[in-house]
Amino acid sequence: MNAVPFDFSRRGFLAASSAAFVLAVTLPARARDADVEPGTRLRAFLKIDADGSVVLQSPFAEGGQGVYTALAQIVGEELDVDPARFAVECAPPGPDYLVLNGRRFTGGSRAVRSSYETMRRLGATARQMLLQAAATRLGVQAASLSTEPGRVRHAASGREIEYGALAAEAAVLPVPERVPLRADKDFRWIGKPVARLDGRDKSTGRAIYAIDAKVDGMLQAAVRHAPRLGGEPGAFANEPEVRAMPGVHSIHRLPGAVAVLADRWWRAHRAVETLKVTWTGPAAGTRNAMPADFSSEALRAAFAAAPGPGVAAETQGDVGAALRGAAKTVEATYDAPFLAHGQLEPPSALARFNSDGTLELWLPNQAPEMFQQAAAKVAGIAPGKVTIHSLILGGFFGRHFLYETANLFPQAILLAKAVGRPVKLIWSREEEFLRDALRPMGLARFRGGLDAEGLPVALQAEAVGEGPSGRWFGRKADVADPSAVEGIAGKPYAIANRRVAHVPAPNPAIIGFWRSVGHSMNDFFYETFFDEMADAGKQDPYALRLRLLADKPRHKALLEAVGELSGGWKRGPFTAADGTRRARGVAMASPFGSEVATIAEVSVKSGEVVVHDIWVAIDPGRIVNPAIVEAQVNSAVALGLSSALLEEVVYENGVPRARNFDGYPILPPDRMARVHVRIVESGAPMGGIGEPPLPAVPPAVVNAVAALTGKRVRSLPLSKTSFGA
């Protein structure tokens with residue numbers, strides 16, 4: 001076998017740590033899983049090598065969101081080690097890492113905020129043990145010692161000892177149960193723009209993704225799926241021809257697909273594309289079968305016709321009476337399309353069965369334990385015999401959860417089992433577009449009531465459709481799916497009477513989580529309807545928001561901050577310095593524990609919307625790395641703009657119309673707006689970063705377009721609407 005490039009198994013990690021400082025060595029080496037309190041058995045997380053470098057096992061995956069760097073900052077702060085000395089890896093499956101109330105996944109913008117205290121105590125505990133080891137060696141009281149980055153110092157004598165030289169002695173000391181944490185005022189790295197740990201490798205091509213994994217003797221596989229989900233492969237018309245193609249090893253039938261194994265992936269791909277397959281339609285009762293007549297347009301019509309009032313998610317006051325007594329009412333229906341994840345890294349999985357009956361998998365994933373359980377079922381072995389190697393993700397946005405037909409590791413396992421050799425499977429871009437778990441289509445109906453002064457006194461909203469939370473984790477019949485109503489329910493504006501409901505409606509497509517989940521479309525629905533109410537009441541939308549946030553100082557301050565950042569609110573239309581006619585739109589969102597206010601400035605050129613500037617004020621409570629926050633805002637704005645302007649998955653006759661980026665345009669660089677960011681640390685509990693900046697972008701842009709053109713767009717993307725020449 002080649003040198004296995006990513007042997008980060010837990011067993012391997014602990015064995016390799018034998019000559020280094022490993023926390024909690026006094027704990028039983030083989031504690032039962034049930035005995036492990038997640039996030040407390042520190043030996044699973046940290047080691048210090050003899051050269052003073054630190055390896056941290058992260059419970060969370062790095063997918064470009066900067067979590068590895070942030071965790072190194074937090075642990076390094078308390079350990080007193082420069083974060084640049086850290087190597088961070090995604091931890092293997094195990095009870096130690098189930099730090100999210102007994103579960104583990106990377107998503108929901110939870111990584112840093114959920115582990116902040118745990119990681120601080122991890123670093124502080126290690127530092128305390130190093131101090132005690134140094135005290136013993138120097139024959140002084142531990143209280144007389146201090147630390148500087150990577151070393152212990154005895155000020156009275158001027159003696160110093162590097163951490164690496166103390167590692168072995170510290171490793172055998174009892175683990176203190178309580179350790180002091182630094183005061184915030186003493187932070188050296190938390191709150192600073194520390195450089196990304198993964199930046200150099202990613203920018204120089206040295207970063208290793210799952211698609212790069214290789215082991216001795218492996219074959220490479222390409223698949224072709226049934227055009228319509230639920231179909232199965234029938235006869236092969238030219239099997240001998242394909243078998244004779246260069247490098248081809250074998251041809252296989254898989255559930256809903258065919259596969260070709262070859263010595264190289266491109267040869268496998270060419271062969272599977274050459275294979276002439278007769279596909280059968282889904283048999284009666286086939287799970288997840290896609291109806292032959294399914295289309296996006298028909299689904300939108302079905303959502304629009306779905307009767308309310310639905311399952312209440314938020315109720316305040318008497319919205320019915322308030323609407324009946326309103327001086328004026330406003331009604332509108334909004335919709336947003338299916339979206340693909342469109343990640344640049346094609347999905348891949350490498351499966352290898354070992355001679356001892358164990359299975360190793362290299363694959364991108366956001367939840368190693370869930371994948372371990374699922375893989376064990378496919379392989380027919382115990383979960384403990386499955387090792388998951390989780391490398392960095394080449395983008396994810398919710399793509400790498402467990403979605404049944406959208407995951408390819410079961411195919412890799414079946415193929416490896418069939419041929420008795422390791423198999424690496426890569427889905428082509430066309431297969432990925434065919435089987436992606438999409439952001440669900442959404443539709444919302446609104447009715448607002450205004451008083452004689454034009455101020456909102458009632459708001460009724462019905463979000464129609466199905467959310468990914470309900471799809472994959474279940475929903476009680478009398479409870480709204482939070483992922484279907486988030487971004488509509490719980491808005492901070494002081495509207496006395498309101499009712500927000502979820503109208504469940506089936507969605508035949510495979511749906512999944514997408515960046516900012518329900519907020520990604522629901523804040524567009526709500527915040528644009530808010531502007532419609534403002535227009536109907538002859539109110540300025542920015543001033544109206546300020547007025548309705550009078551009792552919400554955190555939100556009001558954020559809205560004022562983004563107004564100031566933009567140079568002062570002006571709606572327009574107005575003539576810019578370059579002579580173009582422009583206007584601005586504003587929107588707010590409260591996703592994943594953070595608050596965001598956004599202003600967009602637009603013009604129209606050759607019938608297309610041009611977004612010049614996006615100003616974002618974000619309040620995540622408190623932060624670890626402002627540079628990462630700013631980078632995340634920029635990336636979220638890019639994705640939010642892309643979804644607002646261009647992105648749309650269209651189904652016709654049961655299949656998606658686009659099978660690659662030529663049919664599914666994403667935001668090109670020359671259409672990216674200038675992004676301006678202000679971070680507001682209000683001191684509130686720490687919120688998320690990766691997803692919150694996205695949801696307010698589409699409504700801010702659409703509200704600006706309405707101010708500029710007088711045309712109110714209620715269906716995304718904007719590319720569907722003509723704005724004249």
> Taking the range 617-654 only, how many residues are open to solvent by 50 Å² or more (accessible area, probe 1.4 Å) and among the polar types (S, T, N, Q)?
Replying inline: 2
> When you go through L219, L275, L229 one by one, which is the residue that is in contact (Cβ under 8 Å) with a residue 60 or more places away in the chain, of a type in the set (A, V, I, L, M) and over 15 Å from L414 (Cβ atoms)?
Replying inline: L229
> Across the range 566-578, what is the total count of residues that are open to solvent by less than 40 Å² (accessible area, probe 1.4 Å) and not in a strand (DSSP E or B)?
Replying inline: 4
> What are the residue pairs meeting all of these: first residue in the range 360-383, first residue within 17 Å of A406 (Cβ to Cβ), second residue among the charged types (D, E, K, R) and open to solvent by less than 20 Å² (accessible area, probe 1.4 Å), Cβ atoms under 9 Å, and 6 or more apart or on different chains?
Replying inline: P364/E345; P364/R399; Q366/R399; A367/R104; M370/R104
> Considering the range 547-564 alone, what residues qualify as being part of a helix (DSSP H, G or I) and either open to solvent by 40 Å² or more (accessible area, probe 1.4 Å) or of a type outside the set (A, V, I, L, M, F, W, C) (or both)?
Replying inline: R547, P553, R554, H555, K556, A557, E560, G563, E564
> Which of the following residues is modelled with pLDDT of 95 or more, closer than 19 Å to L393 by Cα and more than 19 Å from the chain's Cα centre (by Cα): A84, A72?
Replying inline: A72
> What number of residues within the range 476-530 satisfy the criterion of being more than 30 Å from V655 (Cβ to Cβ) and either assigned to a loop (DSSP other than H, G, I, E, B) or among the polar types (S, T, N, Q) (or both)?
Replying inline: 15
> Can you pull out the residues in the range 662-684 that are in a loop (DSSP other than H, G, I, E, B) and within 21 Å of K192 (Cβ to Cβ)?
Replying inline: V680, E681, S682, G683, A684
> So which helices (runs of 4 or more DSSP H) stay within the range 236-336 end to end and still have 2 or more residues that are open to solvent by 50 Å² or more (accessible area, probe 1.4 Å)?
Replying inline: 239-243, 265-274, 296-305
>> I'm trying to understand the selection: among the residues of the range 500-526, which are open to solvent by less than 20 Å² (accessible area, probe 1.4 Å) and over 23 Å from the mean Cα position of the chain (by Cα)?
In response: V500, A501, H502, V503, A505
> Does E608 count as touching a residue at least 12 places away in the same chain (Cβ under 8 Å), crowded, with 22+ Cβ neighbours inside 10 Å and of a type in the set (D, E)?
Replying inline: no
> So, in the range 337-364, of the ones that are among the aromatic types (F, W, Y) and within 25 Å of P410 (Cα to Cα), which residue ends up surrounded by the fewest Cβ atoms within 10 Å (Cβ to Cβ)?
Replying inline: F353
>> Considering only the range 167-179, I want to know if a residue exists there that is under 34 Å from the mean Cα position of the chain (by Cα), open to solvent by less than 70 Å² (accessible area, probe 1.4 Å) and free of Cβ contacts under 8 Å to residues at least 40 places away in the same chain.
In response: no
> Do we have any residue at all in the range 230-245 that's of a type in the set (D, E), at pLDDT 95 or above and touching a helix residue (DSSP H, G or I) at 6+ places or on another chain (Cβ under 8 Å)?
Replying inline: yes
>> Quick check on W189: is it surrounded by 13 or more Cβ atoms within 10 Å (Cβ to Cβ) and over 17 Å from E430 (Cβ atoms)?
In response: yes
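Going through A501, A509, A480 one at a time, which residue ends up being closer than 27 Å to L434 by Cα and either touching a His at 6+ places or on another chain (Cβ under 8 Å) or aliphatic (A, V, I, L, M) (or both)?
Details: A501 fails: closer than 27 Å to L434 by Cα; A480 fails: closer than 27 Å to L434 by Cα.
Only one candidate passes the filter, namely A509.
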>> Which of the numbered conditions does R127 fail, given that it passes all the others? Conditions: (1) touching a residue at least 24 places away in the same chain (Cβ under 8 Å); (2) open to solvent by less than 40 Å² (accessible area, probe 1.4 Å).
In response: (2)
>> For the range 429-446, check the following and say yes or no: at least one residue is more than 27 Å from L645 (Cα to Cα) and open to solvent by less than 10 Å² (accessible area, probe 1.4 Å).
In response: no
>> Can you say whether E37 is within 30 Å of L219 (Cβ to Cβ), open to solvent by 10 Å² or more (accessible area, probe 1.4 Å) and modelled with pLDDT of 75 or more, as far as the supplied structure shows?
In response: no
> Does the range 710-723 contain at least one residue that is within 22 Å of the chain's Cα centre (by Cα) and part of a strand (DSSP E or B)?
Replying inline: no
> From the list R714, R657, R678, R671, which residue is under 20 Å from Y526 (Cβ atoms) and open to solvent by 10 Å² or more (accessible area, probe 1.4 Å)?
Replying inline: R714
>> I'm told A684 meets every condition in (1) within 21 Å of S109 (Cβ to Cβ); (2) hydrophobic (A, V, I, L, M, F, W, C); (3) buried (at least 16 other Cβ atoms within 10 Å of the Cβ); (4) touching a helix residue (DSSP H, G or I) at 6+ places or on another chain (Cβ under 7 Å) except one. Can you identify the failing condition by its number?
In response: (3)
> Could we say that V677 is more than 30 Å from R228 (Cα to Cα) and either in contact (Cβ under 8 Å) with a residue 60 or more places away in the chain or not charged (D, E, K, R) (or both) here?
Replying inline: yes
> Among the residues of the range 371-428, which ones are touching a helix residue (DSSP H, G or I) at 6+ places or on another chain (Cβ under 6 Å), β-branched (V, I, T), farther than 19 Å from G256 by Cα and open to solvent by 30 Å² or more (accessible area, probe 1.4 Å)?
Replying inline: none
> Mind checking whether some residue in the range 43-63 is at pLDDT below 85, surrounded by fewer than 24 Cβ atoms within 10 Å (Cβ to Cβ) and not aromatic (F, W, Y)?
Replying inline: yes
>> Could you check the range 205-232 and list, in sequence order, the residues that are open to solvent by less than 40 Å² (accessible area, probe 1.4 Å), among the hydrophobic types (A, V, I, L, M, F, W, C) and assigned to a loop (DSSP other than H, G, I, E, B)?
In response: A207, A213, V215, M218, A226, L229
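The values are calculated or read from the model by the stated rules, or taken from the named source; none is laboratory data. Bear in mind that the values here come from a model prediction, so they are computed numbers and not experimental data. When we count neighbours, we look across all protein chains shown, and the Cβ atoms used for this are built from the backbone with ideal geometry, even at glycine. With ligands, DNA and RNA removed, areas are computed over all heavy atoms of the protein, side chains included. Shrake-Rupley method; radii C 1.70, N 1.55, O 1.52, S 1.80 Å.
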